[in-house]
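Below: the structure, in structure tokens.
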Amino acid sequence: MKIVVGLSGGVDSSVAAYLLQQQGHEVIGLFMRNWNDASVTLEDECPWIEDSNDALMVAQKLGIPFQVIDMSELYKERIVDYMFKEYENGRTPNPDILCNREVKFDVFLQTALALGAEKVATGHYARLDSFAGENETKIYRLLSGKDQNKDQSYFLCQLNQEQLSKALFPIGELTKPEVREIARDQGLITAEKKDSQGLCFIGKVSLPEFLKQQLQPKEGEIVEIFKDLEAYSKEIPEFSSKKEELEFLSTKKTYNKSDGKVIGKHQGAQYYTIGQSKGLGIGGHQESCFIISRDMEQNILFVGEGKNFPGLFTKVIRIHPAEVHWVREDLRLNDGETMEVMARIRYRQPLEKAILHQFDSVLFIEFQNPQSAVAEGQFAAWYLNDELLGSGVIS
């Protein structure tokens with residue numbers, strides 16, 4: 001089988017290419033150049049140059065064809081511009097999930113198919129299997145990686161059945177130490193290379209500096225909300241239906257400047273996210289202060305002291321119907337149906353018990369335990385056992 005491997009210049013995709021070659025496949029290495037502006041990265045040089053050189057050396061070591069494809073304009077349009085817009089609107093996007101949906105398993109996949117490939121492989125720590133559904137239609141299951149410390153199924157939570165039918169994740173059954181050991185045994189230059197950090201294909205960046213490219217600084221106030229005010233006992237009304245209760249519990253609390261005390265200044269609410277504590281420049285507290293809310297119109301950040309501050313926690317989140325995505329379309333819920341699942345709202349967060357409540361107008365995820373630092377724009381993903389069933393953008 002002819003397979004295109006997305007060689008990123010890291011050890012994971014390098015070993016993925018090696019394993020497929022050992023299985024007898026015709027392997028082609030493609031490196032995606034998605035960014036070329038070093039001015040916003042924390043490294044002295046744009047990381048894609050080093051990464052593409054490492055990918056080339058791996059391809060030469062394995063004796064496989066290799067080429068670089070420039071997708072920087074597409075990446076800017078679909079990922080970077082999306083990021084700017086989301087942050088400007090007070091939401092917290094996940095570019096890595098969008099990169100997989102919009103770039104790796106869309107345009108990059110189409111490029112691979114145009115080269116005559118049957119499949120595209122990446123170095124994700126995830127697994128795939130399939131079974132025959134109704135009318136013998138093959139249904140693909142997206143499973144978490146064997147290495148729970150590196151499981152990357154969350155980053156693939158927006159893929160569909162068509163995309164999964166063309167995907168391969170060769171290292172999904174391996175742990176990271178096993179992957180590095182294989183790379184060392186084969187003399188691959190990437191064997192000891194550190195994992196990439198920061199934005200997908202851009203590198204490690206200072207997010208405020210990155211956002212300042214398009215979002216202008218605007219000084220605003222930091223207002224501290226105090227626990228005695230936050231923890232006031234609010235009468236919980238009698239609910240006529242479960243939906244009404246879920247609506248109440250998922251409504252985000254809003255604050256006014258008069259609710260607290262101004263304790264500092266910031267350079268723009270759009271540069272920050274819910275749950276953030278670093279970069280606020282706040283002193284004089286026993287514990288760190290965390291952002292609990294942002295007023296984008298008034299350009300105010302509201303903070304509370306301590307990681308257990310009540311205003312940080314949310315028990316029920318909502319997802320607009322247009323933002324609900326089922327990897328397993330055959331399991332999609334109908335109006336009024338529920339499903340017990342395990343769910344997470346960020347990468348590497350331990351899975352938490354939750355119940356999906358589907359209504360025509362909204363999908364609610366009711367967690368058994370309140371979740372910390374829930375931000376609009378994040379992706380929630382839900383699982384049954386080790387299978388990722390679906391995901392959605394938190395609204």
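Contact map, the range 67-86: first residue touching a residue at least 40 places away in the same chain (Cβ under 8 Å), second residue surrounded by fewer than 16 Cβ atoms within 10 Å (Cβ to Cβ), Cβ cut-off under 7 Å, separation 6 or more or different chains; pairs are Phe84/Gln214. For the range 243-280, a tally of residues being open to solvent by 80 Å² or more (accessible area, probe 1.4 Å) and over 12 Å from Ser293 (Cα atoms) returns 6. Within the range 205-236, being in a loop (DSSP other than H, G, I, E, B) and modelled with pLDDT under 80 holds for Ser206, Lys212, Gln213, Gln214, Ala231, Tyr232, Ser233, Lys234, Glu235, Ile236.
The set of residues from the range 364-391 being more than 18 Å from Arg346 (Cβ to Cβ) and crowded, with 22+ Cβ neighbours inside 10 Å comprises just one member, Phe364. Considering every residue within the range 316-329, establish whether at least one is surrounded by fewer than 20 Cβ atoms within 10 Å (Cβ to Cβ), of a type in the set (Asp, Glu), at pLDDT 95 or above and closer than 18 Å to Phe155 by Cβ. Checked the range 316-329: at least one residue is surrounded by fewer than 20 Cβ atoms within 10 Å (Cβ to Cβ), of a type in the set (Asp, Glu), at pLDDT 95 or above and closer than 18 Å to Phe155 by Cβ.
Kindly state which helices (runs of 4 or more DSSP H) lie completely within the range 89-204 and contain at least 2 residues that are in contact with a helix residue (DSSP H, G or I) (Cβ under 6 Å, 6 or more places away or on another chain).
Numbers: elements: 95-99, 108-114, 161-165, 176-185.
Filter on the range 89-204 gives 95-99, 176-185.
Per the listing Ser8, Ser14, the residue uniquely modelled with pLDDT of 85 or more, assigned to a loop (DSSP other than H, G, I, E, B), small (Gly, Ala, Ser) and buried (at least 19 other Cβ atoms within 10 Å of the Cβ) is Ser8.
Just need a number here: residues in the range 79-116 that are of a type in the set (A, V, I, L, M) and open to solvent by 10 Å² or more (accessible area, probe 1.4 Å). The number of residues fulfilling the criteria is 4.
If you check Glu305, Glu297, which single one turns out to be free of Cβ contacts under 8 Å to residues at least 12 places away in the same chain, acidic (Asp, Glu) and over 30 Å from Leu164 (Cβ atoms)? Quick ask: steps written out before the conclusion?
Values: Glu305 fails: free of Cβ contacts under 8 Å to residues at least 12 places away in the same chain.
Result of the check over Glu305, Glu297: Glu297.
The values are calculated or read from the model by the stated rules, or taken from the named source; none is laboratory data. Because the structure is a prediction, the values reported are computed rather than measured. Reconstructed Cβ throughout: ideal geometry from the backbone, glycine too, with neighbour counts over all protein chains shown. Ligands, DNA and RNA are excluded from the accessible area calculation, which covers all protein heavy atoms including side chains. Shrake-Rupley method; radii C 1.70, N 1.55, O 1.52, S 1.80 Å.
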